[in-house]
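Remarks on the structure that follows.
The values are calculated or read from the model by the stated rules, or taken from the named source; none is laboratory data. Remember, it's a predicted structure, so these values are computed and weren't measured experimentally. Positions of Cβ are generated from backbone atoms using ideal geometry, with glycine treated the same way; all protein chains shown enter the neighbour counts. All accessible areas refer to the heavy atoms of the entire protein, side chains included, with ligands and DNA or RNA removed. Shrake-Rupley method; radii C 1.70, N 1.55, O 1.52, S 1.80 Å.
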Amino acid sequence: MTRRTSLKITDERERLLEEASEIVASGPDDDPPMSDVLDAALTHLVQSEENIQAARGEVSPEVIQRFDTDVVGLRYRTRVESPWR
């Protein structure tokens, strides 16, 4: 990861930050700081990846794929292939 001293806020980023802020806010009048919104989003991403990886042995790929996101981007084979054929 490259560290930068500034973060360019594009229109799409602004929209995502607004949406994430509404999720993090404790109520309709709460306006959380951007650092709290970013911390929550990063924590959620890391925990989601950990939870999905932990569930791979317990839950079918079809169920796990329902919880996949564009960011996590899990990949599964669509068929079982035998190494002996």
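Out of segment 1-25, which residues are modelled with pLDDT of 90 or more, over 19 Å from the mean Cα position of the chain (by Cα) and polar (S, T, N, Q)?
Of everything in segment 1-25, just one residue is modelled with pLDDT of 90 or more, over 19 Å from the mean Cα position of the chain (by Cα) and polar (S, T, N, Q), namely 10.
Could you please find all residues in segment 1-26 being among the hydroxyl-bearing types (Ser, Thr, Tyr), over 13 Å from residue 38 (Cβ atoms) and open to solvent by less than 100 Å² (accessible area, probe 1.4 Å)?
The answer is 6, 10.
Could you tell me whether residue 61 is surrounded by 10 or more Cβ atoms within 10 Å (Cβ to Cβ) and in contact with a Ser or Thr (Cβ under 9 Å, 6 or more places away or on another chain)?
Here the answer is no, as residue 61 does not meet what is asked.
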